[in-house]
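Working notes, structure below.
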Amino acid sequence: MNPQATPLIQAKLTLPFEQADEVSDLLMELGALAVSLEDANADSEDEQPLFGEPGMEPESAAWNLNHVVALFRNKAEGEQIFGEVPAELLGDAQVDYTEVPQEDWVRLTQSQFDPIPISARLWIVPSWHEPQDIDDRINLVLDPGLAFGTGSHPTTALCLRWLSEFPLKGQSVLDYGCGSGILGIAALKLGAAEAIGVDIDPQAVDSTAYNALNNGVEMPCGLPDFPLAKRQFPVVVANILSNPLKVLAPSLCNHVEAGGQLVLSGVLARQAEEVIAHYRQWINLAVWAERDGWVCLHGQKATD
């Protein structure tokens with residue numbers, strides 16, 4: 001029998017966050033092929049996003065309640081490794097074992113990501129898909145990766161829609177909290193003369209550089225002290241979350257030139273009025289669009 005065809009074994013158990021992190025690390029140390037954590041409350045009202053504040057990592061890499069999913073060569077290996085995990089960490093959690101076919105994991109992962117239409121004009125296309133050259137359609141090549149921002153989340157899609165509808169030709173754009181660089185890269189492909197990226201995560205800076213190269217554009221990017229970002233721009237976009245957006249309000253508004261545009265996303269609809277009120281002393285914002293419970297806020301800075 002071809003060993004590549006032998007099914008692997010997946011073990012799954014549910015643990016609170018106090019144990020989940022420690023158990024997952026221990027399983028890897030003991031020889032599991034792979035271990036991941038999933039929010040056990042995903043797709044429910046109790047779903048819990050994990051995001052850090054500006055300059056900070058999330059307090060925990062686990063949720064309140066977690067599915068710990070581990071991959072082993074066979075069930076005997078899984079049982080042996082779980083047998084070495086201290087009983088007090090596992091508590092009364094039930095470990096469920098299931099067979100997992102050894103498939104082409106890269107191909108399987110890629111099959112889950114199809115081109116995403118943002119508007120009639122702008123599409124997000126994973127690199128393994130052949131971009132369709134249709135009329136004046138703009139294809140933004142982007143692979144799902146570690147940095148946030150693939151175009152599938154409503155907040156990113158809302159910002160991309162705004163960029164595709166605003167006349168960007170000749171404009172300079174600051175993408176603050178750029179993640180994958182998707183917004184700045186899209187702005188460049190939509191006609192912006194320049195896009196600068198800023199993020200607190202060095203991995204996001206690297207991801208932006210990679211994605212810009214993949215799309216045939218130049219997008220300088222750096223950490224918050226990046227010299228090229230220390231000025232004002234006619235267009236500033238920030239797709240983060242409401243709390244960081246409130247913390248960053250003075251800085252973001254200071255980056256917008258007189259008469260310039262500020263676009264914010266990462267804000268839940270129920271948080272919109274609070275964020276709008278927080279920004280009112282600098283820029284009057286309003287809800288530009290809403291999707292799946294998230295909003296995109298837009299405002300124009302006064303010309304004095």
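Every number here is computed from the coordinates shown, using simple stated rules; none is lab data. It should be emphasised that the depicted structure is a prediction, and the values quoted were computed from it without experimental measurement. All Cβ positions, even for glycine, are placed from backbone atoms using ideal geometry, and neighbour counts span all protein chains on display.
What residues from the range 16-35 fall in the zone where the backbone N is under 18 Å from a label point 7 Å along the Cα-to-C-beta line of Tyr97?
Output list for this probe position: 27-28, 30-35.
Which lysines have a Cα less than 30 Å from the Cα of Lys246, not counting those fewer than 8 places away in the same chain?
By straight Cα distance, Lys246 reaches Lys169, Lys189, Lys230, Lys301.
Just to confirm the filter: which GluC sites (Glu not before Pro) across the range 207-304 are DSSP coil and have at most 12 other Cβ within 10 angstrom of their Cβ?
Counting only loop positions with at most 12 other Cβ atoms within 10 Å, the GluC sites (Glu not before Pro) in the range 207-304 are Glu218.
Sort 227-238, 157-168, 69-80, 28-39 for me by packing, meaning the mean count of neighbouring Cβ atoms within 10 Å per residue, highest on top. Don't skip to the end; give the middle numbers.
Details: 227-238: 18.3, 157-168: 21.2, 69-80: 16.7, 28-39: 15.1.
Packing order, densest peptide first, comes out as 157-168, 227-238, 69-80, 28-39.
Quote the relative contact order of the range 170-223 in percent (integer), defining contacts as alpha-carbon pairs under 8 Å separated by 6+ residues.
Numbers: 112 pairs, mean separation 20.6, N = 54.
Once normalised by length, the contact order is 38 percent.
Counting Lys and Arg as +1 and Asp and Glu as -1, each charge on the Cβ, what is the dipole of the range 183-300 about the Cα centre in debye, to the nearest 20?
Computed about the Cα centre, the dipole is about 240 debye.
When only C-alpha pairs under 8 Å and at least 6 residues apart count, what is the relative contact order of the range 194-304, in percent?
21
Please state the shape class of the range 236-304: rounded when a/c is under 1.5, otherwise prolate if a/b exceeds b/c and oblate if not, all from the C-alpha gyration tensor.
Prolate.
For Leu122, enumerate residues with amide H under 5 Å from its amide H, sequence gap 5+ or separate chain, H modeled in the peptide plane.
Those lying under 5 Å, H to H, from Leu122 are Ile138.
Which lysines does Lys12 reach when only Cα atoms under 28 Å apart count, and residues fewer than 8 places away in its own chain are ignored?
Within the straight-line limit of under 28 Å, Lys12 reaches these lysines: Lys75.
Using the 2.2 N^0.38 Å rule of thumb for compact globular proteins, work out how the range 171-213 stacks up: its C-alpha Rg over that value, please.
Compared with the compact-globule rule of thumb, the range 171-213 sits at 1.02.
Principal axis lengths of the range 179-270 from Cα atoms, whole Å, largest first?
Result for the range 179-270: principal-axis Cα extents of 36, 28, 27 Å.
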